[in-house]
Amino acid sequence: MYLLFQFLVLTVIVLFTAWIIPGITISSIPMAMITAAVIALINTVLKPLLNLITLPVNVVTLGLFALIINALLLMFVAYLVPGFTVNGFWSAFFGALVISLLTLGMSYIEF
């Protein structure tokens, strides 16, 4: 039940991000659900591996390089999901920042 709640909140976060960040668009609510599922899958599988590979750069930049990784992963999600578009790196950067902050806040919600 908690995973379903997290998935639905992530879907709302994706819709909110597409609403407030210019350059990020989503075609429909089902595409937002697919986008949320792909983001969750990539954050579970690919992101830890990339963070491990780029650990020295993250240490030198005091973790700021992780924001660039998040932006590139969001652009990768836009490449994979046909109804989700990200126009440019800066849209991806600010979109990834919003998604990261809101999912961090979501992690503090007890169900």
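The values are calculated or read from the model by the stated rules, or taken from the named source; none is laboratory data. Since this is a predicted model, take the numbers as computed values, not measurements. FYI the Cβ positions are ideal-geometry reconstructions off the backbone, even for glycines, and counts take in every protein chain you see.
Computed quantities for the displayed model
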{"quantity": "Residues that are surrounded by 14 or more Cβ atoms within 10 Å (Cβ to Cβ) and either in contact (Cβ under 8 Å) with a residue 24 or more places away in the chain or closer than 22 Å to Leu10 by Cα (or both), drawn from region 36-57", "calculated": "Ala36, Ala37, Val38, Ile39, Ala40, Ile42, Asn43, Lys47, Leu50, Asn51"}
{"quantity": "Residue check for Thr85: in contact with a Leu (Cβ under 7 Å, 6 or more places away or on another chain) and among the hydroxyl-bearing types (Ser, Thr, Tyr)", "calculated": "no"}
{"quantity": "Candidates Leu8, Leu41, Leu62, Leu55 - the one that is at positive phi, out of contact with any Leu (no Cβ under 9 Å at 6 or more places or on another chain) and of a type in the set (A, V, I, L, M)", "calculated": "Leu62"}
{"quantity": "Region 64-88 - residue that is part of a helix (DSSP H, G or I) and without any contact (Cβ under 8 Å) to a residue 12 or more places away in the chain and, of those, nearest to the chain's Cα centre (by Cα)", "calculated": "Tyr79"}
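Okay, residues lined up against (1) among the basic types (Lys, Arg); (2) closer than 18 Å to Trp19 by Cα; (3) out of contact with any strand residue (DSSP E or B) (no Cβ under 9 Å at 6 or more places or on another chain); (4) at pLDDT 95 or above:
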site: Leu50; (1), (2), (3), (4): no, no, yes, no
site: Phe65; (1), (2), (3), (4): no, no, yes, no
site: Ala78; (1), (2), (3), (4): no, yes, no, yes
site: Trp90; (1), (2), (3), (4): no, yes, yes, yes
site: Phe93; (1), (2), (3), (4): no, yes, yes, yes
site: Ser100; (1), (2), (3), (4): no, yes, yes, no
site: Tyr108; (1), (2), (3), (4): no, no, yes, no
site: Phe111; (1), (2), (3), (4): no, no, yes, no
